[in-house]
1. Identify, please: which residue in segment 23-44 is in contact with a Lys or Arg (Cβ under 9 Å, 6 or more places away or on another chain) and either among the acidic types (Asp, Glu) or in contact (Cβ under 8 Å) with a residue 60 or more places away in the chain (or both) and is, among those, surrounded by the fewest Cβ atoms within 10 Å (Cβ to Cβ)?
2. Can you find even one residue in segment 75-92 that is at pLDDT 85 or above, part of a strand (DSSP E or B) and under 12 Å from the mean Cα position of the chain (by Cα)?
Amino acid sequence: MGFLNWAFGKHPPRPPDPERTSEAAWLPMWQAQLVLHELWEREIPAVMSEDFTSHLRFGAREPMARIYVMEPRKAQAEAVIEELTGYPPAHQGF
């Protein structure tokens, strides 16, 4: 595997790490609080973080929040979020 293949994404994806958190969704604040409670009810550990930088972007016209989960539970959390909101969860992460 050469440097160019590594630099341009030709390397295999890393497996989920149980020690690493990942952004599961970027939602309006009011919706994130409801989704967070439902994740807890379904025994998916999750936390919410208010996203103050979103007020300076054109992508958000209201207070926003991010929901984080551990990487092995990310797919399960995203499925719950899509079930509750009716849309696949948006991401603003890097």
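The values are calculated or read from the model by the stated rules, or taken from the named source; none is laboratory data. From a predicted model like this one, the values you see are computed outputs, not experimental measurements. Reconstructed Cβ throughout: ideal geometry from the backbone, glycine too, with neighbour counts over all protein chains shown.
1. 23
2. No, every residue in segment 75-92 fails to be at pLDDT 85 or above, part of a strand (DSSP E or B) and under 12 Å from the mean Cα position of the chain (by Cα).
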